[in-house]
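Student: I have a structure I would like to understand better, so I am pasting it below and will then ask my questions one at a time.
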Amino acid sequence: MQLSAGARGAPTGADLAHIETWIFDLDNTLYPSSSHLFDQVSQRIGAYIASVLDVDRTEARRLQKSYFREYGTTLRGLMLKHDMDPAPFLEYVHDIDLSPIGPSDALEAALGRLPGRKLVFTNADAPYAERVMARLGIGHHFSEIYDIQAADWVPKPFPEAYERLTDVHAVDPARAILFEDILRNLAPAAALGMATVWVRNESAWASAGSGEITPDYVTDDLADWLAALLSGPADGDGSSDSR
């Protein structure tokens with residue numbers, strides 16, 4: 001299938017026919033950030049820290065944000081600084097209500113038309129990713145979930161996580177593209193030679209790292225971007241939000 005571009009949010013004039021592996025982040029990427037689903041996870045992270053470390057919620061929030069900035073994920077900071085067992089943490093923070101998200105006909109159709117492999121690359125764990133994708137109705141499109149355990153507990157944006165992904169799943173970075181809502185998580189992928197798409201949202205933490213990378217493409221809606229890409233050149237001036 002020839003992949004070209006030219007409609008809303010798609011990469012005008014680009015040719016992505018060389019892409020063999022489509023790699024997608026999970027949270028706020030495969031579903032819209034407007035669902036506020038990850039806010040539930042964030043709140044439970046704070047509650048878990050407060051309980052396990054016996055601190056108040058203000059201090060728990062400070063640690064949560066500090067560890068995220070320094071270690072890529074709060075979990076990584078808790079493991080390194082407090083020798084925390086990741087399994088109970090992950091089970092607790094991912095015990096959330098998934099009803100704010102549901103199937104998207106547009107995303108289902110676009111993923112079904114994409115040629116090549118499709119992988120999920122997430123700092124969450126596979127059981128949670130499977131639940132989310134089941135709720136979205138898109139799990140059957142993905143051949144693998146590369147989760148935080150598969151990454152040996154080293155999260156994005158540390159380069160080791162990306163290098164391990166390419167080794168484990170035989171990904172040629174020059175023939176891969178990464179979709180991600182956290183801007184700084186795209187930088188190591190770009191350094192390896194991957195194409196990058198920032199699925200933008202308005203959260204301050206999502207735009208952190210703006211000095212580290214200019215993504216190849218930017219979109220506010222993944223399903224629209226993929227649909228536009230697959231539709232080929234559109235009538236009109238073919239303007240896009242690419243950079």
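The values are calculated or read from the model by the stated rules, or taken from the named source; none is laboratory data. It should be emphasised that the depicted structure is a prediction, and the values quoted were computed from it without experimental measurement. Heads up, the Cβs are rebuilt from the backbone with ideal geometry, glycines too, and the neighbour counts pull from every protein chain shown.
Student: Within region 139-160, is there a residue that is within 19 Å of TRP225 (Cα to Cα) and assigned to a helix (DSSP H, G or I)?
Tutor: Taking every residue of region 139-160 in turn, at least one turns out to be within 19 Å of TRP225 (Cα to Cα) and assigned to a helix (DSSP H, G or I).
Student: Related question: For region 87-99, which residues satisfy the criterion of being in a loop (DSSP other than H, G, I, E, B) and more than 18 Å from the chain's Cα centre (by Cα)?
Tutor: ASP95, ILE96, ASP97, SER99
Student: Could you tell me which of the residues THR29, THR58 is over 18 Å from TRP153 (Cβ atoms), in a helix (DSSP H, G or I) and of a type in the set (Val, Ile, Thr)?
Tutor: Selected residue: THR58, the only one of THR29, THR58 that is over 18 Å from TRP153 (Cβ atoms), in a helix (DSSP H, G or I) and of a type in the set (Val, Ile, Thr).
Student: Only one residue in THR214, THR219, THR166 is in contact (Cβ under 8 Å) with a residue 60 or more places away in the chain, at negative phi and of a type in the set (Val, Ile, Thr), so which one is that?
Tutor: Checking each option against the conditions leaves just THR219.
Student: Within region 66-86, how many residues turn out to be in contact (Cβ under 8 Å) with a residue 12 or more places away in the chain and either in a helix (DSSP H, G or I) or loosely packed, with under 14 Cβ neighbours inside 10 Å (or both)?
Tutor: 13
Student: While we're on this one: What do you reckon, is PHE89 within 19 Å of ARG44 (Cα to Cα), of a type outside the set (Ser, Thr, Tyr) and buried (at least 20 other Cβ atoms within 10 Å of the Cβ)?
Tutor: Criteria met by PHE89.
Student: Next question, about the same structure. Could you run through region 144-171 and say how many residues are of a type outside the set (Ser, Thr, Tyr), buried (at least 20 other Cβ atoms within 10 Å of the Cβ) and closer than 11 Å to PHE121 by Cα?
Tutor: The number of residues fulfilling the criteria is 8.
Student: State whether the residues of region 79-89 include one that is at pLDDT 95 or above, of a type outside the set (Gly, Ala, Ser), over 22 Å from PHE158 (Cα atoms) and outside the structural domain of SER207 (by TED's automatic domain parsing).
Tutor: Looking for residues that are at pLDDT 95 or above, of a type outside the set (Gly, Ala, Ser), over 22 Å from PHE158 (Cα atoms) and outside the structural domain of SER207 (by TED's automatic domain parsing), one finds at least one in region 79-89, hence yes.
Student: Oh, and also: State which residue is farthest from PHE179 (Cα to Cα) when the search covers only region 87-122 and only residues that are polar (S, T, N, Q) and in contact (Cβ under 8 Å) with a residue 40 or more places away in the chain.
Tutor: Only one residue fits best here, namely SER104.
Student: Continuing with the same structure: In region 25-38, what count of residues is obtained for those that are under 18 Å from HIS94 (Cβ atoms) and touching a helix residue (DSSP H, G or I) at 6+ places or on another chain (Cβ under 9 Å)?
Tutor: First pass over region 25-38, keeping only residues under 18 Å from HIS94 (Cβ atoms): 25-31, 33, 35-38.
Of the ones still in play, those that are also touching a helix residue (DSSP H, G or I) at 6+ places or on another chain (Cβ under 9 Å) are 25-31, 33, 37.
The qualifying residues number 9.
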